[in-house]
1. Mind putting together the pair-distance distribution for region A:254-352? All Cα pairs, 5 Å bins, whole percent per bin, short to long.
2. Kindly list the residues of region A:67-86 that lie in the label zone of A:Ser48, defined by a backbone N under 16 Å from the point 7 Å along the Cα-to-C-beta vector.
3. Using just the helices of the protein assembly as shown, give the 222 nm mean residue ellipticity in deg cm²/dmol: DSSP H runs with n ≥ 4 each add -39,500 (n - 2.57), and the total is spread over all residues, rounded to 500.
4. Just to be sure I understand the curve: with the Debye formula and one point per C-alpha of region B:6-122, what is log10 I(q)/I(0) at q = 0.11, 0.14 Å⁻¹?
5. Report the residue, chosen from A:Glu61, A:Glu138, A:Glu204, that carries the largest GNM mean-square fluctuation when chain A is represented by alpha-carbon nodes joined by springs under 10 Å.
6. Sorting B:Thr123, A:Thr159 by accessible area (1.4 Å probe), largest first, what list results?
7. Can you give the convex hull volume per residue for the Cα atoms of region A:1-158, as a whole number of Å³?
8. Going 7 Å from the Cα of A:Val355 toward and past its Cβ, which residues in region B:1-33 have a backbone nitrogen under 19 Å from where you end up?
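The values are calculated or read from the model by the stated rules, or taken from the named source; none is laboratory data. Remember, it's a predicted structure, so these values are computed and weren't measured experimentally. Note that we place each Cβ from the backbone using ideal geometry, even for glycine, and neighbour counts take in every protein chain shown. Just the protein is used for accessible areas: all its heavy atoms, side chains included, with ligands, DNA and RNA removed. Shrake-Rupley method; radii C 1.70, N 1.55, O 1.52, S 1.80 Å.
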Amino acid sequence: MPPGGFTASGKESYAVIYADNAATTRMSEAAMDTMVAMMKESWGNPSSLYAHGQEAKEVLEKARKDIAEAIGASPREIIFTSGGSEADNQAIRSAAALGRKQGKMHIVSTAFEHHAVLHTLDALREEGFEVTLVDVHENGLVVPEEVGEAIREDTCLVTVMYANNEIGTVQPIREISAVCRKRNVIFHTDAVQAVGHIPVNVEEDGVDMLSASAHKFHGPKGVGFLYARKGIRLKNLIEGGAQERGKRAGTENVPGIAAMAVALKEACANMEGNAAHLTKIRDRLIAGLREIPHAALNGDETRRLPGNVNFCFEGIEGESLLLLLDDRGICASSGSACTSGSLDPSHVLLAIGRVHDVAHGSLRLSIGEDITGEDAENIIRNVKEVVSYLRGFSPIWRDLTAGKKAFIL
Amino acid sequence: MALYSEKVMDHFRNPRNVGVIEDANGIGEVGNAKCGDIMKMYLKIEDDVVQDVKFETFGCGSAIASSSMATEMIKGKPLSEVKQLTNKAVAEALDGLPDYKMHCSVLAEEAIHSALEDYQKRTGRKI
Ligand SMILES: Cc1ncc(COP(=O)(O)O)c(C=O)c1O
Ligand SMILES: [Zn+2]
């Protein structure tokens, strides 16, 4: 039995360090309590006119107000979705529909967006749109001027993520939005990894549309929201009833939405303290893992999410690293080809110029607020041991150390 | 449900026959150009029998477990038998691999075949 695991109640049965919060987070107690309370009490249909239905409607509208407040929007600008992917799809499809009407069939984005964005763009290409992907450079940061250069007369949308889910780099959103404003182009940002973790304010940031997902900030899975600035006409992805002002059919997931609002309020209230704690631990992890020879941090060292650490270790493969860390009670992730299920390593690592061999040996640690300094030392020690163990029987490492192949890192 | 069978995890956690044979007379190194896994097999062949075998692998859990299992399956076996080894047999001996991981077990079969070819080239013997 490996020294780590969760019981059915979600509590650790024995010591586990969960360092995969970019994949998903554990729900907060308050969010869980809210969800259960809603299921028990306010389970009516918000569209029903009797009191029990209207009570659910009130819960829904209170959640909308709280969420709007958390990001500096007005409640009418928030529509609830099934998560980040749906919000991304709807935002992009909406801008594309507007563009098509005006004969503007060009979109600007980046190569390291989430697949919810990239695959939507692929689909639009098939429908006749042209897409320009701006460079994200070696440090994983978009240069706003280059966004400006990519914008054309027929550009209907710029979509650039707020913070990258793999390497954690935080984009210069305000500068990018300023460029878009000046050129009169709609700007959407996938803020799934940012909301609840770093300050996000749609007014100050100047974004026109923004996607978020509850399960990344200790809310439930399968719930998210799309912010769309007043005046932007949304296109439906799901046709049916008149919920969400006719822009997203389907009886609302009231318990999930209420829990999302509670989780977001909580995350925002504790943001400063959490970020300070996480940043300290993150920087200790970076310093500790740097001691491993022929390793490199992925993404800019400071302009990154407080909880994100991402390294490449030359000469080893990521899945074996993850499995052995799992045996030692550490949950992490990797962008290696073998972990993706496809044959290709992470498109994010390739986009920042990591070659296949090196991208194969990647490790992402996305730490959560409950991490301790002791956990960090534990992670560093275990990663060092496992990397060195795997290098011990890696033919690539043998060739590198024998001088038959040149080190890349 | 875990990603891998108990057998795979056993061979992954405690790989058999890991390392190098300094006086190997058949060495094969193969790689999957796309996913990037690389496997190297060292054979010590005497009297048409694999007296010793060792491997080194750069790859995922399924690649490491396949290498380990494959070495166990050919150690002490006559070459006539060794050359028949297939990736399917390796995967079966591991109680199966996820579909999208079958390509990793192919490497074990290929590495052994490549080591046998090397042996034939070095010794001029036909198997
Ligand atoms: C940046 C980013 N965008 C979109 C998504 C998709 O969100 P969801 O899982 O809620 O559909 C994720 C989560 O994996 C993400 O990290
Ligand atoms: Zn593999």
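1. The calculated distribution, bin by bin, is 2, 10, 15, 19, 18, 14, 12, 8, 2, 0, 0.
2. No residues fall inside that zone.
3. One gets -13000 deg cm²/dmol as the mean residue ellipticity at 222 nm.
4. Each listed q maps to, in turn, -0.29, -0.48.
5. Ranking A:Glu61, A:Glu138, A:Glu204 by mean-square fluctuation puts A:Glu204 first.
6. On the way: B:Thr123 60, A:Thr159 0 Å².
From most accessible down to least: B:Thr123, A:Thr159.
7. Looking at region A:1-158, the number lands at 204 Å³ per residue.
8. Residues B:30-33 qualify, since their backbone N sits under 19 Å from the label point.
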